[in-house]
Ligand code: AMP
């Protein structure tokens, strides 16, 4: 089963993709997570991507397509994959179709998470992440049990992502509308798209997504 999550930053793609990947026992593939790890480890990839990420712009198609090309060959992708944050441009979407086709696979469903700008800004400014295990919290929707600390017992304090500042959020929204929004029409034209309102609790949105999967696959 191969699923793509679309939606603006802050719609909850990562959170929902993780829950669904656990439920379906398939791999979750987040280019944002892969890039952030590369930045943390100061690898050549991280050094190349860092500036673009910090300013809210997209990393080049070549780089992210290269990441995906390697990642989908990993053993944990055999049962299926959920892509979250990829593709973000039509060029990436074309590349993904081609890479999957080369493996005799295709996308089964594209879930589009829909959310108003005002709610996005509120969500992103209250998002906190754990630098050690990558767990994501929200001070309003999903606060950590102890202020500033990861529930998984990690020793590092929770932090706000550099690109979750208000200035960078508006750039990310601008980039989303210009580069990624056209993917909605692209996948709708292929009869793969289902839109879900991402306004609501994590559990409510997940229940809607599960309903959709149940009826689709
Ligand atoms: P995310 O965690 O998905 O919000 O991604 C954080 C940042 O990583 C984005 O603002 C981009 O700079 C970069 N990024 C992640 N995925 C992609 C992608 N598919 N294409 C280009 N840049 C990406």
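All of the numbers you see were taken from the coordinates with simple rules; none came from a lab. Computed from a predicted model, the values in this text were never measured in an experiment. Because the Cβ atoms are built from the backbone with ideal geometry, glycine has one as well, and the counts that use them run over all protein chains shown.
Somewhere in segment 167-178, is a residue crowded, with 16+ Cβ neighbours inside 10 Å and touching a strand residue (DSSP E or B) at 6+ places or on another chain (Cβ under 6 Å)?
no
Residue check: is residue 147 out of contact with any strand residue (DSSP E or B) (no Cβ under 9 Å at 6 or more places or on another chain), exposed (fewer than 14 other Cβ atoms within 10 Å of the Cβ) and part of a loop (DSSP other than H, G, I, E, B)? Steps first, answer last, please.
Numbers: out of contact with any strand residue (DSSP E or B) (no Cβ under 9 Å at 6 or more places or on another chain): yes; exposed (fewer than 14 other Cβ atoms within 10 Å of the Cβ): yes; part of a loop (DSSP other than H, G, I, E, B): yes.
When the stated conditions are applied, residue 147 passes them.
Would segment 140-153 turn up any residue that is within 21 Å of residue 85 (Cα to Cα) and free of Cβ contacts under 8 Å to residues at least 40 places away in the same chain?
Taking every residue of segment 140-153 in turn, none turns out to be within 21 Å of residue 85 (Cα to Cα) and free of Cβ contacts under 8 Å to residues at least 40 places away in the same chain.
For the list (1) assigned to a helix (DSSP H, G or I); (2) within 24 Å of residue 29 (Cβ to Cβ); (3) within 16 Å of the ligand (Cβ to nearest atom), I need the number of the one condition that residue 171 fails.
Exception for residue 171: condition (2).
I need the full set of residues from segment 93-106 which are under 11 Å from residue 1 (Cβ atoms) and within 15 Å of the ligand (Cβ to nearest atom), in order please.
If the condition is that a residue be under 11 Å from residue 1 (Cβ atoms) and within 15 Å of the ligand (Cβ to nearest atom), then no residue fits.
Every residue in segment 75-89 that is within 15 Å of the ligand (Cβ to nearest atom) and either part of a helix (DSSP H, G or I) or over 19 Å from residue 8 (Cβ atoms) (or both), please. Break it down stepwise before answering.
Narrowing segment 75-89 to residues within 15 Å of the ligand (Cβ to nearest atom): 81-89.
Within segment 75-89, 81 is the sole residue that qualifies.
Quick one: what pairs do we get from segment 38-57, first residue under 15 Å from residue 161 (Cβ atoms), second away from the ligand (no atom under 13 Å from the Cβ) and not in a helix (DSSP H, G or I), C-beta under 9 Å, 6+ apart or different chains?
40/131; 50/42
For (1) in a helix (DSSP H, G or I); (2) away from the ligand (no atom under 13 Å from the Cβ); (3) surrounded by fewer than 16 Cβ atoms within 10 Å (Cβ to Cβ), each residue gets a yes or a no:
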{"residue": "17", "(1), (2), (3)": "yes, no, no"}
{"residue": "20", "(1), (2), (3)": "yes, yes, no"}
{"residue": "29", "(1), (2), (3)": "no, no, no"}
{"residue": "33", "(1), (2), (3)": "yes, no, no"}
{"residue": "47", "(1), (2), (3)": "yes, yes, yes"}
{"residue": "65", "(1), (2), (3)": "yes, no, no"}
{"residue": "73", "(1), (2), (3)": "no, yes, yes"}
{"residue": "91", "(1), (2), (3)": "yes, no, yes"}
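Within segment 19-37, how many residues are free of Cβ contacts under 8 Å to residues at least 24 places away in the same chain and in contact with a strand residue (DSSP E or B) (Cβ under 7 Å, 6 or more places away or on another chain)?
The qualifying residues number 0.
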